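A.B. asks: Following this message is one structure expressed as structure tokens.
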Ligand code: SF4
């Protein structure tokens, strides 16, 4: 499932089949929802058997499913190499957003994030990423995909971009890249590649507008300071319906003061972006608390008055640990089930 048509052509040729079989396989996997070679009835029985003897389709059903009181559903999917990742389905009116993971755990080690606490267990392959999208219930209802689950998407750049290439390609779902958002803490080389090579929306995990403070909570700041991230973004033209947003999780008494609001305004001045304020969900062992709603509202109003479009993001799925920053699949493997 993680192969492009060109890669499938090499495979079928090696197996002694006509090249057009590659396109048939691709259509079955990505458009007709086939989970086994046996379902691919326009391919001869003999060839289907040869495929099954040498390959698997890459589809797996979830190991676990938890549903929140607000309708959010968290899935635990097995990976091809025996690990597990979480994926969150968020229905909202006529929209349905899927929050997809890109790695098992994460190397970035943001202090306030439960995934960061899990450490890094490995990159997901293209098929692992696509399986999260194809194998949720009601995949046909999805309107948006956000790479905001476990992991730093730009740290698994090739697999994430290949998965997006299939989803947006004619052989896949032919989705507009404007229905996909990739989030990042800001990784120097791959941020520039992403801006150049992709048309998807971008969400930057800002959280702290000052270098020293951001460095205390987000070690990635030492590799690429937020000022450099913003400078890189300024060089790019955001006027073609490609959306740039800044994610800002609010911590009581740390980054929710008027002084911090002023720093955010200073940092983002003139950049065409929106700010999403996110409530912090407490993570075991982390001495941080969430900002009261009145202060979040005051912060939003300050930014809005200073010309920055700002919203307070509704928190979803907190009762099943599916909300922002709570995903964690440590010690979960496919053998748990
Ligand atoms: S917030 Fe994102 S980048 Fe930071 S540790 Fe968590 S998953 Fe990784």
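Values in this text are rule-based calculations from the coordinates and carry no lab data. This structure is a prediction, so every number in the text was calculated from the model and none was measured. All Cβ positions, even for glycine, are placed from backbone atoms using ideal geometry, and neighbour counts span all protein chains on display.
A.B. asks: Normalised by the residues of region 5-54, what does the relative contact order come to in percent, with Cα pairs under 8 Å and at least six apart?
C.D. replies: Normalised by residue count, the contact order of region 5-54 is 28 percent.
A.B. asks: For region 5-54, rounded, prolate or oblate, judged on the Cα gyration tensor with a ≥ b ≥ c (square roots of eigenvalues), a/c < 1.5 rounded, else prolate if a/b > b/c?
C.D. replies: Verdict is oblate for region 5-54.
A.B. asks: With a 10 Å Cβ neighbour count serving as the proxy for reagent exposure, in which order, fewest first, do 259, 15, 288 appear?
C.D. replies: The most exposed by this proxy come first: 259, 15, 288.
A.B. asks: Where does region 252-320 land on Rg/Rh, using Cα atoms and the Kirkwood Rh?
C.D. replies: Radius of gyration over Kirkwood radius for region 252-320 works out to 1.00.
A.B. asks: Follow-up. Using alpha-carbon pairs under 8 Å, 6+ residues apart, how would you state the relative contact order of the chain in percent?
C.D. replies: Across the chain, relative contact order equals 17 percent.
A.B. asks: May I ask you to derive the relative contact order of region 166-224, considering only C-alpha pairs under 8 Å and at least 6 residues apart, and to give it as an integer percent?
C.D. replies: Value for region 166-224: 32 percent.
A.B. asks: Then there's this: Distance between Cα centroids, region 145-159 to region 205-261: provide it in whole Å.
C.D. replies: Spelled out, the Cα-based centre of one part sits 18 Å from the other.
A.B. asks: If you take the beta carbon distance between residue 304 and residue 262 as r and set R0 to 22 Å, what does 1/(1 + (r/R0)^6) give as a FRET efficiency, to the nearest 0.05?
C.D. replies: Approximately 0.95, to the nearest 0.05.
A.B. asks: Here's another thing I want to ask about it. Which ordering of 308, 166 is given by a fewest-first count of other beta-carbon atoms within 10 Å?
C.D. replies: Ranking 308, 166 by Cβ neighbours within 10 Å, fewest first, gives 308, 166.
A.B. asks: What is the fewest-to-most order of 240, 306 by other Cβ atoms lying within 10 Å of their Cβ?
C.D. replies: The most exposed by this proxy come first: 240, 306.
A.B. asks: With the chain treated as a Gaussian network of Cα nodes joined by springs under 10 Å, which of 45, 117, 262 yields the largest mean-square fluctuation?
C.D. replies: The residue that fluctuates most here is 45.
A.B. asks: Apply 1/(1 + (r/R0)^6) to the Cβ-Cβ distance of residue 15 and residue 107, taking R0 = 35 Å, and write down the FRET efficiency to the nearest 0.05.
C.D. replies: Efficiency for this residue pair is about 0.40.
A.B. asks: Figure the gain on full extension for residue 44 and residue 222 (residue separation times 0.36 nm, minus the Cα-Cα span) and round it to one decimal in nm.
C.D. replies: 58.5 nm
A.B. asks: Please give the Cα centre distance for region 93-120 versus region 314-328, rounded to the nearest Å.
C.D. replies: 10 Å
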